[in-house]
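Below: the structure, in structure tokens.
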Amino acid sequence: QFLFSCAIFEENAVRDDEVFQLAVSDLSLSDDILQSEKITHSIKLIEPNNPFQAVQEGKDALSTIVFLFKQHVHG
């Protein structure tokens, strides 16, 4: 099993990026939370105050998640 997580941050939100990566790392190392699952994650940095880029990156992330899910289901 796998879990895919994607985060989109503005380029100036370095701290948010670091916190997200630490959270994913902590989850990956915890056998109490995830016994057999593997976390795959992606981080996208976008220009500040660019909602159009944020929407496009979100759309691309969703397409990636659907693709990975189909690959996993169909082997």
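Just so it is clear, none of the values below were taken in a lab; they were calculated from the coordinates. This one's a predicted model, so the numbers in the text were calculated from it and none came from an experiment. Note: ideal-geometry Cβ built from the backbone for every residue, glycine included; neighbour counts use all protein chains shown.
Just the number: Rg to Rh for the chain, Cα atoms, Kirkwood Rh, two decimals.
The Rg/Rh ratio comes out at 1.03.
How far apart, in nm, are the 7 Å Cα→Cβ label points at L68 and E11?
2.5 nm
How many nm is it between the label spots at V55 and L27, if each spot is 7 Å from the Cα in line with the beta carbon?
2.7 nm
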